[in-house]
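Every number here is computed from the coordinates shown, using simple stated rules; none is lab data. Keep in mind that this is a model prediction, so the values were computed, not measured. Positions of Cβ are backbone-derived with ideal geometry, glycine not excepted, and every protein chain shown enters the neighbour counts.
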Amino acid sequence: MKLVKTLNFSTIGDNRGSLIALETLIDIPFNIRRVYYIFDTLSGVSRGFHAHRDLKQVLICVKGSCRILLDDGKHKKNIILNNPQTGLLIEDLVWREMHDFSEDCVLLVLASEYYDETDYIRDYDNFLRYL
Ligand code: T46
């Protein structure tokens, strides 16, 4: 799936623990305009179920785990995020769903644009038509 890529971040560790630093256009391949995080997700809840017309994002599970289902209209792929050293780059026009959140999951998202509801395609048939 060419619109999806896994990024591996370097950990700066010492005898106190770990630290990861992410810099625009160095570690993250776009200008970061927005950061949000999803946490306290209730058991059994799934999120997402949309694509974006023009947004790039990197998803990082900084604590716990969740499963991301990605669909480019031709292929579907499941990716488990459970490591703060791993970022999942999702480019535009990829349908995404988030499932199987662990109780302690904190999903951090770095986004290339400010929030814009008109960028969302929230209906799967519309997504396929748009492709
Ligand atoms: C995505 C996945 C991974 C805002 O007001 N500002 C924001 O920046 C965001 C992200 C959301 N909202 C509002 C819009 C909705 O009323 O927060 C509410 C929940 O958003 P949504 O249902 O879109 O959340 P998710 O978890 O289904 O999807 C989110 C992002 O919206 C989406 O871009 O790719 O996480």
Give the residues of the stretch 71-105 that are hydrophobic (A, V, I, L, M, F, W, C) and either farther than 27 Å from SER10 by Cβ or within 13 Å of the ligand (Cβ to nearest atom) (or both), sorted by residue number. ILE79, LEU81, LEU88, LEU89, ILE90, LEU93, VAL94, TRP95, MET98, PHE101, CYS105
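Per-residue answers, yes or no, for (1) among the acidic types (Asp, Glu); (2) surrounded by 10 or more Cβ atoms within 10 Å (Cβ to Cβ):
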{"site": "LEU7", "(1), (2)": "no, yes"}
{"site": "ASP14", "(1), (2)": "yes, no"}
{"site": "THR24", "(1), (2)": "no, yes"}
{"site": "ILE28", "(1), (2)": "no, yes"}
{"site": "ARG33", "(1), (2)": "no, yes"}
{"site": "LEU42", "(1), (2)": "no, no"}
{"site": "HIS50", "(1), (2)": "no, yes"}
Cβ contacts < 8 Å: first residue farther than 12 Å from GLU103 by Cα, restricted to the stretch 33-45; second residue assigned to a strand (DSSP E or B) and away from the ligand (no atom under 12 Å from the Cβ), any location; separation 6+ or different chain. Result? TYR37/VAL62; TYR37/VAL106
Any chance you could count how many residues in the stretch 69-105 are touching a residue at least 60 places away in the same chain (Cβ under 8 Å) and of a type in the set (Gly, Ala, Ser)? 1
Within the stretch 71-95, track down each residue that is touching an Asp or Glu at 6+ places or on another chain (Cβ under 9 Å) and in a strand (DSSP E or B). ASP71, LYS77, ILE80, GLY87, TRP95
Mind listing whichever residues of the stretch 96-131 are part of a strand (DSSP E or B), in contact with a Leu (Cβ under 9 Å, 6 or more places away or on another chain) and closer than 22 Å to ARG33 by Cβ? ARG96, MET98, LEU107, LEU108, VAL109, LEU110, ALA111, TYR120, ILE121
